[in-house]
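Since the structure comes first, as structure tokens, the remarks are kept for the end.
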Amino acid sequence: MSKEFHELGISQHILRALGEMGFQQPTEVQAEAIPHVFENKDLIVRSKTGSGKTAVFGVSMLDMLDSQESGPQALVLTPTRELAVQVDSDLAQMSKYLPHQTTAVYGQHSMDMEMAALKKKPAIVTGTPGRVYDHIRRKNLAVGKIRFLVIDEADRMLDMGFIDEVASIIKTLPKKRITLLFSATMPDEVHRIAQEYMVRPEMVAFESDTKTVDTVEQFYYRVEPHEKRYQLNRVLKAEQPASCIVFCNTKHAVDRVSRFLSQKGYAAQALHGDISQNKRMKTINDFKAGGTRILVATDVAARGIHIDELSLVVNYDVPVERDSYVHRIGRTGRTGLDGRAISLVTGEDIMGLYEIEEHIGVLIAEKPLPAESANRSSSKSTGRSRKGNDRSPKGNGRSRPQRTAQTATNGRLKTESQMREEKNRSASGKKTALEREGARKVFVSSTQDGSAHVRQSSPEHQVIDKTGPVSLWHRIRQRLFHASRGFASKR
């Protein structure tokens, strides 16, 4: 049974601010976690991205702070500058009708401006570990009255090498405090921090059937490495997203893809660690305001971007770290809204994709690339030829055969390979497991003697039954076999 915010005992001033922010009902995490904080308990919240964790500590802290006390009473640690700014902005909105002041401190930001803000004795300070610790050592940040410590996205803190600085900060704080730790995953080092610096913490964990956001439709396209930018353009033309983040693994790739999209006429901007802080913040604000439709970013740079209505995420590069896939697609499908996540997968990426599937417990469907006949006809009508990066992929000096048939069934264009497959199916009356992926999921488990047992589910089931170690190898062999048949038919 869903609760209302007022049922959690939240003050009217905060309820009014939440209403203006568009919060109607608490999420499951908020409804479960906020009462624990009101009971002055340490708390570990393990929940997927987009579950409303910021409001858990924001609402509870603001309601419990002493308005008569001068100086910082709460410290929020975040892994990135962008997330620090985002959290501080959210806290400022939540405290709109309260006397509490907030500020953010982070690297590549004016130290003088931060010192001036800290001298005003804000009630809540949000910042990255390095800059926060720097202010503590310089005596700019008084921590003697800290009643709340929030460690946000602790697993990313570990990934970025900040855990030692977090421990150093904790040692400077009063021992009598409430510590709130938020993390999508709980690696051993994060668990150690919780054991060492928290007092009998309550655990609030929400695990869906999958490790990814349930409202995100996930699929991938097989592409050749030298075609990736061309195929990205093709996908974006077909999807026409209102807003989109394109993830790349390197800063160089971000710059290259961003330039390519800008040349194609897209309102695209790059976001990575080598870009100045002021420009990064301007880019993020433009993206949130709708001035920039496409953001090309690295994982770390985009970690602090919270946009409730992001319609599409594209993995231009398959992430090296499996958890990064979860964080990437968690940018869309937030707060219960539907989203889409598309990956461009080369032959070198396919094994990594299978490992991601095994990690998240979901079979990611392969789809044929969108039909490009409309784009080609439009190009012919203008009388202009493609040049430079706009040239379609070629091989051996000859134009590549058109992949789509100029016929449609039930209003949908079909690829030549699809029509060949349908012809084969009608002749044999059989379907392969790979062809069933779009409508059904294949369940693989192992019997007592170690042999593979394959069963099929109804369309609503989407989770792999991984009861035996045979599942991943079986899927790899199955997909490689059918992929080789598909490539052979294109030659």
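FYI, it's all coordinate maths here, none of it is from the lab. These numbers were taken from a predicted model, which means no experiment stands behind them. Using ideal geometry, Cβ is built from the backbone for each residue, glycine included, and neighbour counts are taken over all protein chains shown.
Structural remarks
- With N the number of residues in the range 15-91, Rg(Cα) / (2.2 N^0.38 Å) evaluates to 1.12.
- Computing FRET efficiency as 1/(1 + (r/R0)^6) for residue 13 and residue 70, where r is the C-beta to C-beta distance and R0 is 25 Å, gives about 0.80.
- Trypsin sites (Lys or Arg not before Pro) within the range 129-207, DSSP loop, no more than 11 other Cβ atoms inside 10 Å: 138, 139, 175, 176
- Which of 332, 296, 361, positive extreme of dipole for the range 208-372 (C-beta unit charges): 296
- Charge-dipole axis of the range 208-372 as Lys and Arg at +1 and Asp and Glu at -1 on Cβ define it, positive-most pick from 315, 346, 273: 273
- Proxy reagent accessibility, fewest Cβ within 10 Å first, across 311, 47: 311, 47
- Using C-alpha pairs below 8 Å separated by at least 6 residues, the relative contact order for the range 5-206 is 29 percent.
- Couplings for the range 71-88, taken from phi via the Karplus curve 6.51 cos²θ - 1.76 cosθ + 1.60 with θ = phi - 60°, read x, x, 10, 9, 10, 10, 9, 10, x, 10, 4, 4, 5, 4, 5, 4, 5, 4 Hz in order; Gly and Pro are left as x.
- Counted over the range 150-234 with a bin width of 5 Å, the fraction of Cα pairs per bin, in whole percents, is 3, 10, 19, 15, 12, 9, 9, 8, 6, 5, 3, 1.
- Taking other residues whose beta carbon is less than 13 angstrom from the beta carbon of residue 66, and scoring Lys, Arg as +1 and Asp, Glu as -1, yields +1.
- Ordered by the number of other Cβ atoms lying within 10 Å of each residue's own Cβ, fewest first, 96, 251 fall into the sequence 96, 251.
- Hz values of 3J(HN,Hα) by residue in the range 162-174 - Karplus curve (6.51, -1.76, 1.60), Gly and Pro given as x: 9, 4, 4, 5, 4, 4, 5, 5, 4, 5, 8, 8, x
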